[in-house]
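**Student:** Sharing a structure below in structure tokens format, with a few things to ask.
Read-outs throughout are calculated quantities, based only on the coordinates presented, and are distinct from any laboratory measurement. Keep in mind that what you see is a predicted model, and the values were worked out from it rather than measured. Methodologically, a virtual Cβ is constructed for each residue, glycine included, from the backbone with ideal geometry; neighbour enumeration extends over all protein chains shown.
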Amino acid sequence: MGMFDTLKSGGVGFAKVPNKQGYTNDYLLLKLSKIDVSFGKPSMGDITGKQCVLYKNASFKYDIFTRVDGNNIIMGKIGTDGVSSVQTAAEAGLGLMLGHKDVDASEADHAVEELADVITKLQEGIEVTKSTVLAAISTSTGHAINYFMKQKAISLKPKFDIYDEKESAVYHVEGDITRLNFSVQRDGREVIKLKKKLVAILPEYTISIDGQTIGKIKKKLKLTSPELVGTINGKELVIAGDLLAFDYDIKVGGHLIGHIDTAQTIWQDCYRIRIYDEASKDLMIAMAIICDNVVDSEKSN
């Protein structure tokens, strides 16, 4: 096992939670063994002579660790067996410099966030049986549904498809010549329509189903990373994460419905649309298209 592979900037890939309950590493393992998370089961391990709880192969390149460190419980990612820590650290640094990271780094970072949420709740005295991510999954298979969309799809052409993991087209998207109106179709039928406001200081979008507006989204005035706010069926829409790096959660009314990041499963660079709530899959497709449009405009400017 190599040296620590953590990214402390902005809490990405590393987290620290006050040890209010006075856990030991052994008790931490006991508690975590009873809690289901999306990235595996824990076991006791050792990193550079220090006892820790390990989640092996949380992603292809990374393990997730957590341990008691003085008055805190720390957690982070580390290069898994057979993967050089120097390599993973170099890739992480390159990702930060270029403004993106590979799918393994993204999965590991989100596993750390998921674990931090679990441990925070335990330290607050809250009983936990499964993580927030697992609790959010409501699909016929019991697993997240993954769809894939080419990056900059809107800027390249007004017509494109969105694929499943078997590379079969599931959604077809058609935009008009102005690229202000987009029809999202599934099985040959329009399931959602997007419209971008023509005259607006900041981008504004409406989402409609069968002619009825269900959501309004607009970009906030910010000098740094762009941020979108809005409502869906009267409930607050929250995009939590890094929009420019295309690595963020979508929450509606406080409920996590999915996550969007990048992957290299089908094309060299594509967006992975992870759907936790199957009833919201059309909405997740719409959000990916809108966010792609906002990011493309931001980078063009």
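**Student:** Where does each of 40-47, 183-190, 142-149 land if you order them by average Cβ count within 10 Å, highest first?
**Tutor:** Result, highest mean Cβ count within 10 Å first: 142-149, 40-47, 183-190.
**Student:** Same structure again: If the cut-off is 13 Å between C-alpha atoms, which aspartates and glutamates fall inside it for Lys216, apart from same-chain ones fewer than 8 positions away?
**Tutor:** Cross-link targets: Glu204, Glu236.
**Student:** Classify the range 141-300: rounded, prolate or oblate, from the alpha-carbon gyration tensor (a ≥ b ≥ c, eigenvalue square roots; a/c under 1.5 rounded; otherwise prolate if a/b is larger than b/c)?
**Tutor:** rounded
**Student:** Set the bar at 18 Å for Cα to Cα. Now go through Lys16/Lys130; Lys159/Lys220; Lys41/Lys77; Lys77/Lys251; Lys16/Lys61 and name every pair that lies beyond it.
**Tutor:** Exceeds cut-off: Lys16/Lys130; Lys159/Lys220; Lys77/Lys251; Lys16/Lys61.
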